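Here is the structure we will look at, set down as structure tokens.
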Amino acid sequence: MNHKVLKTLEFDKIIARLEEKCLTPLGKKEARLLTPLATVYDVRDAQQETEDALSRIYRYGSFSASGARDIRESLARLRVQASLSMPELLSVAMLLRTAERVKAYGNAANDNGSRKKAVSEAPEEGFRDSLTDYFNALDPASSFYREIDRCILSEEEMADDASSGLLSVRRRMKNAQSKVRDELNRLVVSQGSWLQGHVITMRNGRYCLPVKNEFRGQVPGMIHDESSSGSTVFIEPLAVVKLNNEIRELEIAERKEIEAVLANLSAEAAGREDALRTDLSILSHLDFVFGKAALAKEMNAVRPAFTDNHVLELRQARHPLLDPKTAVPIDVRLGETFDTLIVTGPNTGGKTVSLKTVGLLTLMGQAGLHIPASEGSKLGHFEEVYADIGDEQSIEQSLSTFSSHMKNLTSILRKADEDSLVLLDELCAGTDPEEGANLAIAILKALRARGARSMATTHYSELKLFALTTEGVENASCEFDIGTLSPTYKLLIGIPGKSNAFAISRRLGLDPAIIEEAQRSMDQDSVAFEDVIRDLNDSKRKMDREKSKIGQLKAEANRLRESLSAEEAKTEEKRQKILADARREAQDMLQKAKAQLDETIRAMNRQGKDVRELEQHRTKTREMIQDTLPKDAVKEPVKKASAESKELKPGDKVLVLPLGVQGIVSTAPDARGELYVQVGILRSQFKVSDLEKLEDQNAKDSGKKAPRASASSGEFGKAATISPEINLIGMNQDDASAALEKYLDDAYLSHLKTVRIVHGRGTGALRNAVQRLLKQSVYIKSYRLGTIGEGDSGVTIAEFK
């Protein structure tokens with residue numbers, strides 16, 4: 001496909017919108033490089049992928065591959081057995097975590113299409129689409145990325161327990177640092193008058209004291225720095241030189257241990273290089289495919305059918321770059337009964353937009369994108385699309401408007417063939433009308449001889465007559481409302497249009513006398529031809545109105561017929577149910593009556609039965625039959641009354657009416673009629689009117705009715721008050737630990753799956769305290785630092801068991 005037409009038809013703007021829908025660097029790159037595909041088979045495959053992705057979005061929710069960073073440079077370094085840095089390994093872990101999430105999304109199943117299931121559930125049995133193999137080929141390597149997350153806390157920090165050697169070195173380092181601080185604190189206390197301030201500072205990685213310059217000889221040690229004013233020197237006292245040396249040695253040992261951990265993790269990553277490369281490729285492609293689907297959803301687009309004979313039929317097509325609220329959809333067909341379409345009509349009437357719509361939707365369809373049109377739209381696959389649209393006048397090349405068009409047309413005529421779609425705007429305009437019209441007809445004939453499909457706009461009446469008298473050439477017009485003197489932007493196939501120059505000029509205020517003079521000067525044959533066109537347009541509009549009215553009446557009739565059929569079916573179903581219930585009740589009644597009568601007959605046949613006993617049998621039978629008859633009255637349900645203030649005292653069992661759970665009264669009602677009730681482990685305040693006092697037996701009965709409903713109601717009430725996030729910034733370690741411990745208790749009881757703990761970056765002390773507590777908590781399954789978009793290393797994400 002020639003690149004000029006992609007810019008002329010603004011395909012690049014569609015690509016820009018597609019790129020915005022992609023979330024990964026390589027997905028965006030694939031979007032930028034998208035062009036119309038070469039074969040119809042490739043187009044159909046790409047369209048199928050877009051359709052399947054859109055279907056999954058509607059069924060399972062939005063898709064996201066964010067986190068799949070471009071790690072190709074890291075993979076190249078692994079190939080030469082180099083060790084990766086902590087940021088590189090975190091990117092590998094992020095890629096694998098994203099692969100795990102995307103694979104789970106791919107395995108999502110839908111229960112008969114009625115609800116969205118969790119992505120961790122198994123897929124529907126036998127379900128497959130064009131994307132299934134992509135999802136199945138992903139290898140998340142969950143244990144490996146979790147090991148990376150365990151060892152590396154952030155891009156600049158490795159966990160103490162990443163290795164036993166690192167843990168030992170850091171413990172010795174902390175002990176040495178503590179000894180240095182103790183010794184320096186002792187010196188600060190004993191020699192405070194010599195110091196510039198009672199502080200301990202670091203210079204060149206060594207602990208120093210700020211000594212006044214005049215006392216520099218009083219403090220034996222090594223001078224590492226001096227203030228800009230010269231009044232202060234920073235001295236490392238001799239008493240801590242050995243300890244500082246030990247710290248430096250431990251720092252070197254720490255770096256070696258970190259390098260060893262990175263080397264081990266890099267070696268394992270190198271063993272998974274092919275799988276990582278495959279995951280990256282699949283995630284990037286899926287991001288691209290779901291980007292196409294998201295764009296289709298945004299544009300309310302559909303998948304076009306592709307024909308093998310260059311037939312094009314667009315139904316209710318809209319230009320994708322116009323506001324969908326104001327864009328007027330058009331119907332266009334080309335290639336079946338005619339191969340050339342000549343569009344006429346007034347300026348600003350929509351001719352050029354119609355031309356661009358056909359061209360741009362053809363390019364989008366061949367690129368595997370859905371098009372903004374109605375179901376049933378069809379496109380032909382063209383090896384080339386040529387367009388001469390707009391004014392390409394060039395002063396530098398001494399090209400006038402007509403010359404620039406002729407240059408384009410010359411190139412098009414040289415290349416066009418039966419696999420080409422040619423779009424020509426204002427064909428042969430900008431020159432003598434008679435010569436231009438004849439030249440335009442000759443060009444259209446030449447394109448037809450080459451087998452090309454053509455669509456051209458013009459104001460020449462000669463081209464309208466050419467279409468009327470030539471088989472395979474059809475007229476079309478952009479409708480113009482004479483009543484309002486404004487275009488409707490609708491495309492009418494089969495009817496030539498009028499330029500309506502006189503009507504538009506009159507509307508814009510041109511002197512009527514001038515307009516009348518112009519009309520008198522027109523050739524009578526031209527006037528008659530324009531009158532015929534006007535009559536055709538009027539007839540067409542009338543037919544369209546009648547057709548629309550008939551369609552509405554048919555739709556209403558169908559709706560009423562369907563509604564009536566549904567009501568009849570519902571009534572018949574109710575009737576059959578009533579009859580079945582009546583038959584069943586009558587059968588039961590007869591069986592019971594027969595059994596009782598048989599018993600009575602047996603009693604009469606037994607000897608020794610007196611009249612009174614027989615009468616008792618008869619009475620019993622009558623009562624039994626009476627009991628089986630339907631009752632006329634239905635008793636009103638008795639509404640439970642709420643408790644009174646004076647009825648409740650501590651220790652009473654009550655039913656909490658809003659929650660449907662039982663509890664024990666903890667306090668007597670206050671003056672406002674409120675008291676505290678212990679519900680399980682929670683103690684909450686309620687109004688007396690929200691409580692019902694229970695007797696012991698009633699409490700047992702209530703507990704038998706629906707224990708699960710009560711429990712779940714309580715859990716729901718608790719969960720509704722617990723935030724999935726806690727902010728610890730500004731707290732010291734003790735306060736933060738206490739607040740976090742209580743929050744985790746509440747969050748676990750509320751059945752939250754994950755929580756977000758905000759501790760900030762700072763020195764890392766608060767973060768370490770949080771992670772120590774999480775590591776010791778019996779509730780926590782796993783935890784990790786936040787990713788980009790979640791708060792990075794300033795937050796920790798914890799997952800409950």
* Asked: crowded, with 16+ Cβ neighbours inside 10 Å, touching a strand residue (DSSP E or B) at 6+ places or on another chain (Cβ under 8 Å) and not acidic (Asp, Glu) - does that describe any residue in region 178-185?
  -> yes
* Asked: Do you know which residues across region 746-766 are open to solvent by 60 Å² or more (accessible area, probe 1.4 Å) and more than 24 Å from the chain's Cα centre (by Cα)?
  -> Tyr748, Leu749, His751, Arg761, Gly762, Thr763
* State all residues of region 445-476 that are within 19 Å of Gly345 (Cα to Cα) and hydrophobic (A, V, I, L, M, F, W, C); if no residue qualifies, say none. => Met455, Ala456, Leu463, Leu465, Phe466, Ala467, Leu468, Val473, Ala476
* Asked: Out of all the residues in region 419-436, which are open to solvent by less than 10 Å² (accessible area, probe 1.4 Å) and either part of a loop (DSSP other than H, G, I, E, B) or modelled with pLDDT of 90 or more (or both)?
  -> Ser420, Leu421, Val422, Leu423, Leu424, Leu427, Cys428
* To do: Just name the residue that is modelled with the lowest pLDDT out of those in region 349-384 that are among the charged types (D, E, K, R) and farther than 15 Å from Glu51 by Cβ.
  => Lys351
* **Residues located in region 79-105, provided they are part of a helix (DSSP H, G or I) and open to solvent by less than 10 Å² (accessible area, probe 1.4 Å)** => Leu89, Val92, Ala93, Leu95, Leu96, Thr98, Ala99, Val102
* To do: Please find, within region 1-22, the residue that is modelled with the lowest pLDDT out of those that are of a type in the set (A, V, I, L, M) and in a loop (DSSP other than H, G, I, E, B).
  => Met1
* To do: Report, by residue number, each residue of region 216-229 that is open to solvent by less than 60 Å² (accessible area, probe 1.4 Å) and within 16 Å of Val188 (Cα to Cα).
  => Val219, Gly221
* Among the candidates Leu262, Leu250, Leu209, which residue alone is under 30 Å from Asp161 (Cα atoms), open to solvent by less than 20 Å² (accessible area, probe 1.4 Å), of a type outside the set (Asp, Glu) and at pLDDT 85 or above? -> Leu250
* **Single condition Ser284 does not satisfy, out of (1) part of a helix (DSSP H, G or I); (2) open to solvent by 30 Å² or more (accessible area, probe 1.4 Å)** => (2)
* To do: Collect the residues in region 322-349 that are surrounded by fewer than 24 Cβ atoms within 10 Å (Cβ to Cβ) and in contact with a strand residue (DSSP E or B) (Cβ under 7 Å, 6 or more places away or on another chain), keeping them in residue-number order.
  => Val328, Pro329, Asp331, Val332, Arg333, Leu334, Gly335, Phe338, Asp339, Thr340, Pro346, Thr348
* Condition test on Gly368, is it at positive phi and surrounded by fewer than 22 Cβ atoms within 10 Å (Cβ to Cβ)? -> no
* Asked: Can you find even one residue in region 230-252 that is under 45 Å from the mean Cα position of the chain (by Cα) and either part of a strand (DSSP E or B) or of a type in the set (D, E, K, R) (or both)?
  -> no
* **Which listed residue is within 47 Å of the chain's Cα centre (by Cα) and under 30 Å from Ile493 (Cβ atoms), from Glu572, Glu562, Glu546** => Glu546
* Which of the residues belonging to region 339-364 are in a loop (DSSP other than H, G, I, E, B) and farther than 13 Å from Tyr489 by Cα? -> Asp339
* Structure fact -> Picked from region 720-757 (must be touching a strand residue (DSSP E or B) at 6+ places or on another chain (Cβ under 7 Å) and either part of a strand (DSSP E or B) or β-branched (Val, Ile, Thr) (or both)), the residue modelled with the lowest pLDDT is Ile729
* Please determine, by comparing only the residues of region 23-39 that are part of a helix (DSSP H, G or I) and open to solvent by less than 20 Å² (accessible area, probe 1.4 Å), which one is nearest to Val385 (Cα to Cα). => Ala31
* What are the residues in region 200-216 that are of a type in the set (Lys, Arg) and over 60 Å from the mean Cα position of the chain (by Cα), if any? -> Lys212, Arg216
* To do: Please enumerate the residues belonging to region 293-338 that are part of a loop (DSSP other than H, G, I, E, B) and acidic (Asp, Glu).
  => Asp308, Asp323, Glu336
* Is it true that some residue in region 461-474 is at pLDDT 90 or above, touching a Phe, Trp or Tyr at 6+ places or on another chain (Cβ under 6 Å) and on the phi > 0 side of the Ramachandran plot? -> yes
* Structure fact -> Here the residues within region 298-321 that are touching a Ser or Thr at 6+ places or on another chain (Cβ under 9 Å), surrounded by fewer than 19 Cβ atoms within 10 Å (Cβ to Cβ) and farther than 19 Å from Phe382 by Cβ are Arg315, Gln316
* To do: Just name the residue that is surrounded by the most Cβ atoms within 10 Å (Cβ to Cβ) out of those in region 385-403 that are modelled with pLDDT of 90 or more and aliphatic (A, V, I, L, M).
  => Ala387
* Asked: For region 26-69, how many residues meet the condition of being closer than 22 Å to Asp139 by Cα and free of Cβ contacts under 8 Å to residues at least 60 places away in the same chain?
  -> 3
* Structure fact -> Residues of region 767-801 being hydrophobic (A, V, I, L, M, F, W, C), open to solvent by less than 20 Å² (accessible area, probe 1.4 Å) and part of a helix (DSSP H, G or I), in sequence order, are Ala769, Val770, Leu774
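The values are calculated or read from the model by the stated rules, or taken from the named source; none is laboratory data. Because the structure is predicted, anything quoted here is derived from the model rather than measured. Quick reminder, even Gly has a Cβ in these numbers, built from the backbone with ideal geometry, and neighbours come from all protein chains shown. Protein only, heavy atoms only, side chains kept; ligands, DNA and RNA dropped before computing areas. Shrake-Rupley method; radii C 1.70, N 1.55, O 1.52, S 1.80 Å.
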